[in-house]
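The values are calculated or read from the model by the stated rules, or taken from the named source; none is laboratory data. Computed from a prediction, not measured in an experiment: that's the story for all the values here. As a convention, Cβ positions derive from the backbone with ideal geometry for all residues, glycine included, and neighbour counts pool all protein chains shown.
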């Protein structure tokens, strides 16, 4: 989905646990939204981002994503 909007696959790292460095951009993927933020601090192996940008993901009656990005 992100590749359709100019994000290169080689610029992405997909992990199951949030392993991030300060200054990196993190996209958390949920079934109903994408949460995008810049890592400001790392504390106890968790990252903290100041401002988050949320993109709501909408579904049609068949369960397919519509009207995204």
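One table, with the values for the structure above:
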{"quantity": "Restricting segment 31-47 to residues that are within 25 Å of residue 64 (Cβ to Cβ) and free of Cβ contacts under 8 Å to residues at least 24 places away in the same chain, the residue that is surrounded by the most Cβ atoms within 10 Å (Cβ to Cβ)", "calculated": "34"}
{"quantity": "Filter result (modelled with pLDDT under 75, part of a loop (DSSP other than H, G, I, E, B) and surrounded by 10 or more Cβ atoms within 10 Å (Cβ to Cβ)) within segment 1-18", "calculated": "1, 7, 18"}
{"quantity": "In segment 53-67, residue modelled with the highest pLDDT [restricted to those that are within 22 Å of residue 36 (Cα to Cα), touching a strand residue (DSSP E or B) at 6+ places or on another chain (Cβ under 7 Å) and not in a strand (DSSP E or B)]", "calculated": "57"}
